[in-house]
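Here's the structure, in structure tokens; my notes come after.
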Amino acid sequence: MSAGELLERSLAYALGSVAGARSVCPGSGTPCAEWNLGELLGHLDDSLDALYEGLTGRSIGLLPHADRVCGFRTRACAVLGAWAAGPPEDVLIGERPLDVRVMAAVGAVEITVHGWDVARACGLSRPVPEGLAAELLPVAQCVVGAEDRGVRFAAPVTVPPRAQAGSRLLSFLGRRP
């Protein structure tokens with residue numbers, strides 16, 4: 001699966017999760033202990049803005065936060081449009097070049113996992129689609145190291161050896177599926 005397809009599928013999954021947030025209090029807890037739902041949605045906005053900036057060299061700009069669901073949809077469409085327009089081969093992270101496909105794949109992990117977090121905060125049962133999870137797990141295993149634990153991710157959670165890819169992805173990133 002191409003990086004663009006991963007990005008598109010992760011955004012589709014997250015859009016379904018974020019749609020459920022419209023009727024939930026922004027102060028509700030999430031699987032990310034340090035963030036409430038409103039903060040998590042803000043983090044997702046920031047992630048999409050960073051992806052867009054990497055794809056275009058421009059920022060999406062601040063959108064009103066009165067309706068985070070609508071804002072997320074707008075940002076997701078902008079990211080997909082930028083990808084479809086033909087992103088550069090490399091993006092600069094600080095002063096270091098990064099292959100745009102790597103950026104898109106890492107962004108897909110971020111969007112998918114936080115899409116799951118949003119669904120849980122909204123009381124929705126939305127497992128990560130198995131095919132998507134199977135593609136994202138090796139990406140996560142490549143980019144999340146020991147130094148990220150306790151800072152950006154909790155310690156991995158143990159799951160049965162034959163657990164499905166969605167459970168393995170989530171547990172690797174410190175979630176309890």
Selection from region 138-153 of residues that are closer than 30 Å to GLY27 by Cα and either surrounded by 15 or more Cβ atoms within 10 Å (Cβ to Cβ) or among the basic types (Lys, Arg) (or both): ALA140, VAL144, ARG149, ARG152, PHE153
Give the residues of region 1-19 that are farther than 14 Å from ALA84 by Cα, surrounded by fewer than 22 Cβ atoms within 10 Å (Cβ to Cβ), among the aliphatic types (A, V, I, L, M) and in contact (Cβ under 8 Å) with a residue 24 or more places away in the chain, sorted by residue number. MET1, LEU15, ALA19
ARG22 passes all but one of (1) surrounded by 14 or more Cβ atoms within 10 Å (Cβ to Cβ); (2) at pLDDT below 90; (3) of a type in the set (D, E, K, R); which number fails? (1)
Residues satisfying the stated conditions in region 1-19, i.e. among the small types (Gly, Ala, Ser) and either at pLDDT 90 or above or on the phi > 0 side of the Ramachandran plot (or both): SER10, ALA12, ALA14, GLY16, SER17, ALA19
Restricting attention to region 20-46, which residues are of a type in the set (S, T, N, Q) and in contact with a strand residue (DSSP E or B) (Cβ under 8 Å, 6 or more places away or on another chain)? SER28, THR30, ASN36
Out of all the residues in region 103-128, which are in contact (Cβ under 8 Å) with a residue 12 or more places away in the chain and among the hydroxyl-bearing types (Ser, Thr, Tyr)? THR112
Can you spot a residue in region 87-100 that is under 17 Å from the mean Cα position of the chain (by Cα) and at pLDDT below 95? yes
Any residue at all in region 83-96 that's closer than 29 Å to PRO156 by Cα and of a type in the set (Phe, Trp, Tyr)? no
What are the residue pairs meeting all of these: first residue in region 138-153, first residue polar (S, T, N, Q), second residue open to solvent by less than 50 Å² (accessible area, probe 1.4 Å), Cβ atoms under 9 Å, and 6 or more apart or on different chains? GLN141/PHE172
Give GLY166, GLY174 a once-over and let me know the one that is part of a loop (DSSP other than H, G, I, E, B), surrounded by 14 or more Cβ atoms within 10 Å (Cβ to Cβ) and among the small types (Gly, Ala, Ser). GLY174
Would you mind stating whether SER17 is touching a strand residue (DSSP E or B) at 6+ places or on another chain (Cβ under 7 Å) and farther than 23 Å from ARG149 by Cβ? no
Out of ALA108, ALA134, ALA33, report the one residue that is on the phi < 0 side of the Ramachandran plot, at pLDDT 95 or above and open to solvent by 20 Å² or more (accessible area, probe 1.4 Å). ALA134
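The values are calculated or read from the model by the stated rules, or taken from the named source; none is laboratory data. The shown structure was predicted, so the numbers you read here are calculated from the model rather than taken from an experiment. Note that each Cβ is placed from the backbone with ideal geometry, even for glycine, and that neighbours are counted across all protein chains shown. Surface accessibility is based on the protein's heavy atoms, side chains included, excluding ligands, DNA and RNA. Shrake-Rupley method; radii C 1.70, N 1.55, O 1.52, S 1.80 Å.
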